[in-house]
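Worksheet: one structure, shown below.
Rule-based calculations on the coordinates, nothing more; no lab input. What you are looking at is a predicted structure, and each value in this text was computed from that prediction instead of being measured. Heads up, the Cβs are rebuilt from the backbone with ideal geometry, glycines too, and the neighbour counts pull from every protein chain shown.
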């Protein structure tokens, strides 16, 4: 089988208001976040993007819409690359969480069973990101695919594990900050990181 050449553009959504307010949850993009998304859109404008996937979270969808307007490619939301289900801590400030869940926060946050009460564990996030990675690995259109993906730090690390055939790892290989922009390419059957940075 001839392997379809694929370039992935991994994008962390721009800075959102929850970052600025130091609280857990998804919120609208800040002015800085809109500027970050616009800069990424300008980079992608002439790259020939063929597919655009996004997490359904507010800041990811806003980032995707800004990019979509620039590149004239419709947005596909995929719940497998959504942000973590935070359970009981959604909407709480960092201070409130550190006071109420200090014992949990003192445990290794990379343990596969780690998660906030009522929310997702790390391994559950890994499993859905791996499912999305498997879909990307099955692409066989015969044309060069250039795919932009807007998601979140942990999800994109787990997505990379899935693309590279790695089992769950109790560490993060990359730190995708707000406005991060990275490129992976498939050569033969392997995906490798070609660029990692921030706009």
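I'd like the orientation of helix 153-163 relative to the chain: the angle between its Cα long axis and the longest Cα principal axis, in ° from 0 to 90, rounded to 10.
So the helix axis and the longest Cα principal axis differ by about 40 degrees.
Nearest 10 degrees, 0 to 90: what angle lies between the long axis of helix 31-44 and the longest principal axis of the chain (Cα atoms)?
Long axis of 31-44 versus the principal axis of the chain: about 20 degrees.
Quick one: helix 122-137 against the long Cα principal axis of the chain, what's the angle to the nearest 10°, folded into 0 to 90?
For 122-137 against the chain, the angle is about 10 degrees.
Which order do 72, 131 fall in if you start with the one that has the fewest other Cβ atoms within 10 Å?
72, 131
Determine the shape class of region 43-87: with a ≥ b ≥ c the square roots of the Cα gyration tensor eigenvalues, call it rounded for a/c under 1.5, and otherwise prolate if a/b is greater than b/c, oblate otherwise.
Verdict is prolate for region 43-87.
Under the rule a/c < 1.5 gives rounded, and otherwise a/b versus b/c splits prolate from oblate, where does region 137-197 land using the Cα gyration tensor?
In terms of gyration-tensor shape, oblate.
What is region 111-163 by shape, rounded, prolate or oblate, if you read a ≥ b ≥ c off the alpha carbon gyration tensor as root eigenvalues and call it rounded for a/c under 1.5, prolate for a/b larger than b/c, and oblate otherwise?
It comes out prolate by the Cα gyration axes.
What ranking do 49, 34 get, fewest neighbouring Cβ atoms within 10 angstrom at the top?
Final ranking by Cβ density, sparse to dense: 34, 49.
So, in Å, what gap is there between the alpha-carbon centers of region 153-186 and region 92-123?
Measuring centre to centre over Cα atoms gives 21 Å.
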